[in-house]
1. Which ranges mark the strands (runs of 3 or more DSSP E) fully within region B:299-361 that have 2 or more residues being facing chain A (nearest Cβ under 10 Å)?
2. Please return the ranges of helices (runs of 4 or more DSSP H) entirely within region B:146-259 where 1 or more residues are within 8 Å of chain A (Cβ to nearest Cβ) and among the aromatic types (Phe, Trp, Tyr).
3. Please count how many residues of region A:166-178 are farther than 23 Å from B:Arg198 by Cβ and crowded, with 20+ Cβ neighbours inside 10 Å.
4. In the set B:Leu108, B:Leu79, which member is touching a helix residue (DSSP H, G or I) at 6+ places or on another chain (Cβ under 8 Å) and within 24 Å of B:Arg158 (Cβ to Cβ)?
5. Within region A:143-200, count every residue that is among the polar types (S, T, N, Q), without any contact (Cβ under 8 Å) to a residue 60 or more places away in the chain and assigned by TED's automatic domain parsing to the domain that holds A:Tyr253.
6. Just a yes or no: is a residue in region B:112-125 surrounded by 20 or more Cβ atoms within 10 Å (Cβ to Cβ), away from every other protein chain (no Cβ under 12 Å) and modelled with pLDDT of 95 or more?
Number of protein chains: 2
Amino acid sequence: MSETSLIFSAQEYRDRIARLQTAMALEGLDALLLSTPADIFYTTGFLTRFWESPARPWFVVVPQAGDPVAVIPTIGAELMGRCWIPQVRTWDAPDPRDDGVSLLAGTLADMVPENGRIGLPMGLETHLRMPLGDFETLRSHLAPRVLTDATASVQRVREIKSEAEITKIRTSCEIAARAFDRVPEFAQAGQPLDAVFRDFQIALLSEGADWVSYVAGGAGADGYGDVISPAGPDPLHVGDVLMLDTGAVREGYFCDFDRNWAIGSASDCARRAHRALWQATEEVMATLRPGHRACDVHEMLCAGLRRHGATPSGGRLGHGLGVTLTEWPSFTPLDTTPLRAGMVLTLEPGCKTRDGRILVHEENIVLRENGVELLSPRAPAELPEILG
Amino acid sequence: MSETSLIFSAQEYRDRIARLQTAMALEGLDALLLSTPADIFYTTGFLTRFWESPARPWFVVVPQAGDPVAVIPTIGAELMGRCWIPQVRTWDAPDPRDDGVSLLAGTLADMVPENGRIGLPMGLETHLRMPLGDFETLRSHLAPRVLTDATASVQRVREIKSEAEITKIRTSCEIAARAFDRVPEFAQAGQPLDAVFRDFQIALLSEGADWVSYVAGGAGADGYGDVISPAGPDPLHVGDVLMLDTGAVREGYFCDFDRNWAIGSASDCARRAHRALWQATEEVMATLRPGHRACDVHEMLCAGLRRHGATPSGGRLGHGLGVTLTEWPSFTPLDTTPLRAGMVLTLEPGCKTRDGRILVHEENIVLRENGVELLSPRAPAELPEILG
């Protein structure tokens, strides 16, 4: 066990808090209440897989000025004590009488005047990680203080990554790239898909992932039907296209990209689809600039696919990336979020092949003032073949 | 890709829904609204790692009679279509104008009369996995229908496992046990703890885990300071006690148990502590019966530790186990939940050794009418030594 558990310098966290406090001031917020693993890791550096247990709520409160306060179960006191924030208040959770509610209410009441406003994320792509009944109790304890939406304050800050964060994401991408390079070693015709998924996770760990939060994929002739199913025992066949997609984690930061392979020689259909996906991505990477909106990327990818003879498969065609597998904005026709330098994003076009089958392709990038910098080592232009 | 994606027979899910509907009738609920991965997997068999993306909410609605209805993002339609439930309603998520709220409200409004009651889990160890703002919109759409707490309805049903579920948990325990047996191969003095964590995850996958949702642990002379930290690069030293704890997943079901090793010869202090933990667990396994309460287990474990000369370390000393790493009830002094046959539980005593260090021990059991059946192959009575 290390003496500290910071991932980044304390200054990195102070800068984040200062940016949050600037956003809070613009929204007239006296405090910000955070409850999810991502928001708590972002503000404190508190990194643990213990979130897997839904038993206990955890909170960080960011005041208008000064350092945040952690209000957490006692079991986390040792680890949070090694993070940078000086104030950690604890209770013995789970407590069926009062699971941290009065401790949290007291913390907020001390910080926020009775006519004050407390923000918490309530909008798209958020949720509150505490019992709803306890939230209602909290709200009545805090009245007449107003609890209001702070989604934008959090998202506009978190979506711009520091250079230190970009370095972490690049490292996760490099780990995944090395594991993808090893896929031909274990993804032969005849191998059950679930064994391929296991071997891929083993490769990710061997190459340096701390843990593997996400692996998905699919396999089928000229494409796959969906991209979120767990693997079954069906073997790979000659003629299949295999896709593997991963969110591997190193020091709390995700990559999120995929790769495709033909099992045996690639069919013309699969080869053309892969080429169109690759070209559409290439063109967006050449033209994307700060000032484009999220919906523009969707349109650019769809137009590129059509220009290269492919039919877009619909759905979201990319998103933000960082301390969760997917972050906002979303590359859909409806998301008008302006893209800014420092955003880490995925480009994720998909196209239809035949019979409800699709091919998907994904890269991870950081948007710079002068254009796109690739974080995932670029996929090959031609669909690679695993010839056995 | 398989044609169906059921994990269990359709009858297993029908039985679960019937039990939920009985509980709902007792509480006077016209519908039950579920939103978490665990509740949705439990009712439908929908198993995916895509929950790792926080972008989209997902819902299952259980009516007073008849089959549940899934209200989910289009990206899940293919996989949910291979599950047992006939009605799947979809929308293109994420949609910043209306992210499934009106589709969900319409589904509930058709099912529940205006004077009716809709239950959702709002209590201890629950949360609502949808944006809070959308929940408030949903509630106003559905008024005058009442949204009320249904925690007990869900927990009293889910906490009793079917034989098919117990078989799945036993399988996950057996996978972890085989991986624990291989720890001496890679946990030698001088090995960095983070490398040990990676190798342990690789062993879990090699032995058949579909994925590894949780690994934690610690190492130090005569014990460790906390049990939820990620591993750092510090090497194991002769004289350390190493603990590894895992929630490995096979077909959606978790194990959750740990093992300890002395690196080199065990100290008397560590040996005594391990023996006390093992004996206290042994005695509870010999005496626990349906009718005991959760708090009785806490008391029995503490009394056993003291009888064997050890000082309990405080906190929760075990909990339910199944489709999440931890489920209710909690073995704390405050949880009075009656224990019933069919509950799968962890026994997890911890004791202080010295200088704020602790040793912990954990087994997984199922409570039967006539006593305890072990699911995790029993830890050795004596602290095993890794002699290099």
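1. Here the list reads B:318-320, B:327-330.
2. B:193-206
3. Summing the residues that are farther than 23 Å from B:Arg198 by Cβ and crowded, with 20+ Cβ neighbours inside 10 Å in region A:166-178 gives 0.
4. The match here is B:Leu108.
5. Here the count works out to 2.
6. Yes, some residue in region B:112-125 is surrounded by 20 or more Cβ atoms within 10 Å (Cβ to Cβ), away from every other protein chain (no Cβ under 12 Å) and modelled with pLDDT of 95 or more.
The values are calculated or read from the model by the stated rules, or taken from the named source; none is laboratory data. This structure is a prediction, so every number in the text was calculated from the model and none was measured. Cβ: placed from backbone, ideal geometry, glycine included. Neighbour counts: every protein chain shown.
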